[in-house]
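Written below as structure tokens is the structure these notes are about.
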Amino acid sequence: MSKQRIFSGIQPSGNLHLGNYLGAIKNWVKLQNDFDSIFCVVDLHAITVPQDPEKIRKKIIEVAKIYLACGIDPKKSAIFIQSHVPEHAELCWILNTLVKISELERMTQFKDKSAKNKEGVGMGLFDYPVLMAADILLYDTQVVPVGEDQLQHIEITRTLANRFNKKFGETFVIPEPFITREGMRIMGLDDPAKKMSKSAESEYNYIALTDSEEAVRRKIKKAVTDSGTEIKYTDDPPRVDEASPRVEAGKPALKNLINIYSLLSDKKPQEIEELYAGKGYAEFKEGLAEVVVDFLRPFQEKYNALTDEEVLKILQAGAEKVRPLARKKLEEVKKKVGFIL
Ligand code: ATP
Ligand code: LTN
């Protein structure tokens, strides 16, 4: 039996952080052994907000290096740059004729990002989910490993695939998301109510994969914690009901830090609680900084050893591998909508 296909991507913008790794890339590395895997550097998505051409050129290579240094193996997986396969933009156009404006207006990422810049929101940002649908549907993708924030975009991808299939006959595979419970939403170190984000205003929000040891220790020291002193993993939101007035207050900041510790060390949250029983936040934070630094050190060694030239070669080979798949699917789509090939 042939393997199932996975597809995912990250924008070459901002600094990639532990949330991107734990929510997405870590799963890709595992899944590539069992799935036919395609990982994309989504440069067309990145320009949906203004970018500096010189910076984005560097970022594209940087993101590809991050994929490789995290353990994506080009022998197992195709890695490529979205704009190297023009079929993505072409399928996006065709899907644009099926999507409803009201559906795109409901997208939370669009609402969040446009709230910051009401007057100047571009059409590209509005259309972002349709381009993402094109990315996924071009390759008959079955599984899309992402963080929780992307679920709504996968849902609209499914809607568009179904709509096309119904109108023009079976064409697209309906994809499923893949997320893990602990990694799906790593929160900001400066605010455990918001997700860790590349476009966060403060650098104290995130730990970048390229941060120095000194920066990691400084950021973890400054991370907000909850009231109390005990290192306790509160798995569920606190119940606030009258029958139990003295419910344990949840500790969202600590839960997030323990999740990071747990995912990077492969220790269960309960083991971490036991390790720090009777100890305070300061000691826990020192331990966490050690775990993060121990993870980043070998990662950064691999990252720094990669040359731009070898990465470009890998990206070109990746595009060559996926292009025939994209071409074939788009031809099928064009025939179905009535174009002359
Ligand atoms: P921005 O905040 O600027 O939109 P981002 O930090 O959310 O950027 P993306 O490029 O949008 O990064 O996301 C790349 C991948 O990482 C996606 O699969 C996304 O779901 C995942 N991801 C991003 N942030 C987190 C997070 N805090 N926790 C878990 N997964 C995340
Ligand atoms: N929107 C995604 C990036 C992305 C993507 C995709 C993820 C673009 N195309 C296709 C999975 C599949 C984000 O993380 N912001």
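Which GluC sites (Glu not before Pro) from region 243-315 combine a DSSP loop assignment with at most 15 other Cβ atoms within 10 Å? Qualifying residues, ordered by number: GLU248. Between the helical axis of 281-305 and the longest alpha-carbon principal axis of the chain there is an angle of about 40 degrees. Both radii come from the Cα set of the chain: Rg as radius of gyration, Rh as Kirkwood radius; their ratio Rg/Rh reads 1.00. Remark: the LYS302-ASN162 segment gains 46.2 nm on full extension, using 0.36 nm per residue and subtracting the alpha carbon distance.
Translational diffusion coefficient of region 1-53 (Stokes-Einstein, Kirkwood radius from Cα pairs, 37 °C, 0.692 mPa s): 262 µm²/s.
The label-point distance for ALA317 and SER2, in a model that sets each label 7 Å from Cα toward Cβ, rounds to 2.2 nm. Each residue of region 312-327 was assigned a 3J(HN,Hα) from its phi angle through the Karplus expression (A = 6.51, B = -1.76, C = 1.60, θ = phi - 60°), giving 4, 4, 4, 5, 5, 4, x, 4, 4, 5, 8, 3, x, 5, 5, 4 Hz with x at Gly and Pro. In the distance distribution for region 34-150, Cα-Cα pairs more than 23 Å apart total 36 percent. Normalised by 2.2 N^0.38 Å, where N is the number of residues, the alpha-carbon radius of gyration of region 85-150 equals 1.18. Ligands, DNA and RNA left out, the accessible area of the chain computed with a 1.4 Å probe is 53% carbon and sulfur. Scanning residues 5 or more positions from GLU176 or on other chains, those with amide H under 5 Å from its amide H are VAL143, VAL144, with H placed 1.01 Å from N in the peptide plane.
Scaling against 2.2 N^0.38 Å puts the C-alpha radius of gyration of region 18-91 at 1.16. Proximity of backbone amide H atoms, modeled 1.01 Å from N, is registered between VAL41 and PHE80, ILE81, GLN82 at under 5 Å, excluding neighbours fewer than 5 places apart on the same chain. The phi-based Karplus calculation (6.51 cos²θ - 1.76 cosθ + 1.60; θ = phi - 60°) puts the 3J(HN,Hα) values of region 194-202 at 10, 6, 4, 9, 4, 9, 5, 6, 9 Hz, whole numbers, x for Gly and Pro. Accessible surface area normalised per residue over the chain is 51 Å², counting heavy atoms of protein chains with a 1.4 Å rolling probe. Coupling constants for region 85-97 follow from the phi torsions by the Karplus curve (6.51 cos²θ - 1.76 cosθ + 1.60, θ = phi - 60°), and in residue order they are 10, x, 4, 4, 5, 5, 5, 4, 4, 5, 5, 4, 7 Hz; glycine and proline get x. Normalising the Debye intensity of region 156-208 to I(0), with uniform scatterers on Cα atoms only, and taking log10 at q = 0.27, 0.29, 0.30 Å⁻¹ returns -0.96, -1.03, -1.07.
The values are calculated or read from the model by the stated rules, or taken from the named source; none is laboratory data. What you are looking at is a predicted structure, and each value in this text was computed from that prediction instead of being measured. When we count neighbours, we look across all protein chains shown, and the Cβ atoms used for this are built from the backbone with ideal geometry, even at glycine. Only protein heavy atoms, including side chains, enter the accessible area calculation; ligands, DNA and RNA are left aside. Shrake-Rupley method; radii C 1.70, N 1.55, O 1.52, S 1.80 Å.
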